[in-house]
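The structure appears below as structure tokens.
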Amino acid sequence: MTVKFVELDKVLLGTLLMDYYELLQISPNADHETVHRVFKYLAARLHPDNVHTGDAGKFQLVKSAYDVLSSPLRRKEYDAKREGDAIRPLSSSIDFMDQLEGEANRRMAVLAVLYYRRRTHPGHPEVSLAELEERMGFPRDYLDFTLWYLVKKKYLAGADNACYALTVEGVDYVEKERTVLPVLNGLLTSNTQ
């Protein structure tokens, strides 16, 4: 079983609620046995006594996730909070599918999401491709051209782990253009977090 860790410090649901399912890389429908099996594997791998792969910080996060997801009552409360914090996709309020205008709107939405993240989490300004897909409300295939363009313009920096962050040029562009682009200004003042 190979498990790659997501950036553990990132905000996944628009609030500071850690997504324990993503952390353990299991489905929200996983049964108790699956939660227990995955925890045992990760705990052995991350335990501070493991000289090769131990990581006390990650171990504590995995232990916290297990403590919540293995308790039926705590899991029910967590799931209710998680559902309440679900991200409303931007596509429900903005047209991203029109040929030219839709592409321009996709660019503005990506810039707004990354600008907000850069301002609120300067130490960890990256947003994963999966999170962008969720925030936009459509498959990542629609983001390929958008991300390519924004990276080539040097407004975004992409990493090997499919995370993106706004560059200095991107910040300058957003702050300069927000007054003349109503869509961008609207995104920055709405729920893009």
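Each value in this text was obtained by applying a stated rule to the coordinates, not by laboratory testing. The shown structure was predicted, so the numbers you read here are calculated from the model rather than taken from an experiment. FYI the Cβ positions are ideal-geometry reconstructions off the backbone, even for glycines, and counts take in every protein chain you see.
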Worksheet item: Hey, what did segment 20-84 get for relative contact order, percent, Cα under 8 Å, at least 6 apart?
Response: 30 percent
Item to complete: Would you mind computing, in nm to one decimal, how far apart the modelled labels at residue 179 and residue 27 are, each placed 7 Å from Cα along Cα→Cβ?
Response: 5.2 nm
Response to the item:
Under 5 Å from the placed amide H of residue 128, counting only residues 5+ away or on other chains, we find 164
Practice prompt. Between beta-carbons, use under 13 Å as the cut-off and find the net charge around residue 140, counting Lys and Arg +1, Asp and Glu -1.
Written response: -3
Practice prompt. Mind sorting 175, 103, 126 by how few other Cβ atoms lie within 10 Å of their own Cβ, fewest first?
Written response: 175, 103, 126
